[in-house]
1. What number of residues in region 85-105 are within 16 Å of residue 32 (Cα to Cα) and of a type outside the set (Gly, Ala, Ser)?
2. What residue, of 18, 77, is over 11 Å from the mean Cα position of the chain (by Cα), modelled with pLDDT of 95 or more, over 14 Å from residue 112 (Cα atoms) and part of a loop (DSSP other than H, G, I, E, B)?
3. Picking from 57, 84, which residue would you name as being in a strand (DSSP E or B), touching a residue at least 24 places away in the same chain (Cβ under 8 Å) and on the phi < 0 side of the Ramachandran plot?
4. Taking interchain pairs and intrachain pairs at least six residues apart, which have beta carbon atoms under 7 angstrom, with the first residue in region 62-76 and within 9 Å of residue 37 (Cβ to Cβ) and the second of a type in the set (Asp, Glu) and in a loop (DSSP other than H, G, I, E, B)?
Amino acid sequence: MTRDRKKGSPSGPYAPDGDPSFDDGAARELIGKYVLVGITYVDAKGEVKNTVQCHGPIVRSDSSGVAIKCEGLTWNGQEAVFPPDSRSYEPASPGEYKLKSTGEVVIDPDIVMSWTVQAPQKH
């Protein structure tokens, strides 16, 4: 699958220092931007167990999170919601992005987002 999007620059609705301040206007500007998300799952010791990529347009952006409508092979048609933390995303560089998890190619997304999910320590 190939996805071609025009470039755009995300605004920063969330304070980069982790301050819970929120800018509704800037958050609304993210709606409609196309995002490529990389998720790395690690165990309690930090060892990588799995990686997943998904992509789609941002359909909601507010203080409860950034929601994308997934397209492509991973979670197609489902809404994925990510925390409202601008430290996880940045404007994407122009070009083709080949997803390791599916082989899909996404062309010129507006934003790239990266997350690490760590399993809790077992007691």
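The values are calculated or read from the model by the stated rules, or taken from the named source; none is laboratory data. Treat the numbers as computed from the prediction; the structure is a model and nothing was measured. Methodologically, a virtual Cβ is constructed for each residue, glycine included, from the backbone with ideal geometry; neighbour enumeration extends over all protein chains shown.
1. Taking region 85-105 as the starting set, the residues that turn out to be within 16 Å of residue 32 (Cα to Cα) are 89-92.
Now drop any that are not of a type outside the set (Gly, Ala, Ser), which leaves 89-91.
Counting residues in region 85-105 that are within 16 Å of residue 32 (Cα to Cα) and of a type outside the set (Gly, Ala, Ser) gives 3.
2. Details: 18 fails: modelled with pLDDT of 95 or more.
The unique qualifying residue is 77.
3. Values: 84 fails: in a strand (DSSP E or B).
It is 57.
4. Close Cβ pairs satisfying both conditions: none exist.
To keep it simple, each residue is scored yes or no on (1) surrounded by 15 or more Cβ atoms within 10 Å (Cβ to Cβ); (2) of a type in the set (Phe, Trp, Tyr); (3) in contact with a strand residue (DSSP E or B) (Cβ under 6 Å, 6 or more places away or on another chain); (4) within 20 Å of residue 93 (Cα to Cα).
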site: 25; (1), (2), (3), (4): no, no, no, no
site: 37; (1), (2), (3), (4): yes, no, yes, yes
site: 44; (1), (2), (3), (4): no, no, no, no
site: 49; (1), (2), (3), (4): no, no, yes, no
site: 54; (1), (2), (3), (4): yes, no, yes, yes
site: 57; (1), (2), (3), (4): yes, no, yes, yes
site: 61; (1), (2), (3), (4): yes, no, no, no
site: 67; (1), (2), (3), (4): yes, no, yes, no
